[in-house]
Amino acid sequence: MYWYEEEVLRLEKERAELACSPSTLFYGSSSVRLWQTLQEDFREYRPVNLGFGGSTLAACVWFFERTVAPYSPDCLVLYAGDNDLGDGRHPEEVLIFFQQFVARARQRFGDRLPCYFVSLKPSPSRRNLLGEFSRANRLIQTEILGQHGNWRFINIYDRMLDTGGQPKDEFFEEDGLHMNAKGYELWTRVIRASIAPAAQSEAQL
């Protein structure tokens, strides 16, 4: 995991420089890291961007104590697993990494913190892995529905497919992997719709 060290050091430095405590943690791979409009898109949720480029779900677990644990959030949004499959991992391994992450989060925050897993996106450049991505999503969604009351599954996968079940190029940069502004606009709408009910419930307590 040493190749992520520079990125993790950056996150630690940024945390030390924060002027106020963030309310919502966005954690994960480059899909989070490259979200340039995150602060504006979720401004009322006081977000912090904890993405680090190229990270796997396994790496998110590995660096949890340094990247996530120091915070005291009201909400956690996780996107990772994309690169695990791209590196040749199997969907069942991604599920195990997710289970490990849930255990870390529960140990640190308890079982009442609203947590969200954003489904793996169907990137055009990884078209050959769509079956693996779909299976990993199903495994994690089933795990959440059956085991974890404070976790919710946010399905962006289906919304990024065309009527033929193929990734929509309109949401991606030319590399077919990273999202463009239109892709992030979609993510903003879907994620906001998912986390809004939890935020309203917290405000009423």
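The values are calculated or read from the model by the stated rules, or taken from the named source; none is laboratory data. Computed from a predicted model, the values in this text were never measured in an experiment. Methodologically, a virtual Cβ is constructed for each residue, glycine included, from the backbone with ideal geometry; neighbour enumeration extends over all protein chains shown.
Observations on the structure shown:
- Residue check, residue 188 under 16 Å from residue 42 (Cβ atoms), surrounded by fewer than 18 Cβ atoms within 10 Å (Cβ to Cβ) and either touching a Leu at 6+ places or on another chain (Cβ under 6 Å) or modelled with pLDDT of 95 or more (or both): yes
- From 48, 77, residue being assigned to a strand (DSSP E or B), free of Cβ contacts under 8 Å to residues at least 40 places away in the same chain and either surrounded by 15 or more Cβ atoms within 10 Å (Cβ to Cβ) or touching a Lys or Arg at 6+ places or on another chain (Cβ under 7 Å) (or both): 48
- Considering the range 1-43, the residues that are under 18 Å from residue 59 (Cβ atoms) and of a type in the set (S, T, N, Q) include one that is surrounded by the most Cβ atoms within 10 Å (Cβ to Cβ), namely 31.
- Candidates are the residues of the range 154-170 that are buried (at least 18 other Cβ atoms within 10 Å of the Cβ) and without any contact (Cβ under 8 Å) to a residue 40 or more places away in the chain; the one that is nearest to residue 111 (Cα to Cα) is 156.
- Checking each residue in the range 85-122 for being over 13 Å from the mean Cα position of the chain (by Cα), among the small types (Gly, Ala, Ser) and either buried (at least 23 other Cβ atoms within 10 Å of the Cβ) or more than 28 Å from residue 196 (Cα to Cα) (or both) picks out 86, 88, 105.
- Test: residue 31 is under 16 Å from residue 5 (Cβ atoms) and either assigned to a loop (DSSP other than H, G, I, E, B) or in contact with a His (Cβ under 9 Å, 6 or more places away or on another chain) (or both): no
- The residues of the range 81-119 include none that are within 12 Å of residue 139 (Cβ to Cβ), small (Gly, Ala, Ser) and assigned to a helix (DSSP H, G or I).
- Residue that is farthest from residue 116 (Cα to Cα), among those in the range 9-28 that are touching a residue at least 40 places away in the same chain (Cβ under 8 Å) and assigned to a loop (DSSP other than H, G, I, E, B): 21
Each row is one residue, and each column tells you yes or no for (1) farther than 16 Å from residue 79 by Cβ; (2) in a helix (DSSP H, G or I); (3) of a type in the set (A, V, I, L, M).
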residue	(1), (2), (3)
135	yes, yes, no
142	yes, yes, no
153	no, no, no
163	yes, no, no
174	yes, no, no
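- The residues of the range 51-70 that are surrounded by 20 or more Cβ atoms within 10 Å (Cβ to Cβ), more than 16 Å from residue 116 (Cα to Cα) and either of a type in the set (Lys, Arg) or without any contact (Cβ under 8 Å) to a residue 60 or more places away in the chain (or both), listed by number, are 52, 55, 56, 58, 59, 67.
- Inside the range 61-74, residues that are touching a strand residue (DSSP E or B) at 6+ places or on another chain (Cβ under 8 Å) and assigned to a loop (DSSP other than H, G, I, E, B) make up a count of 4.
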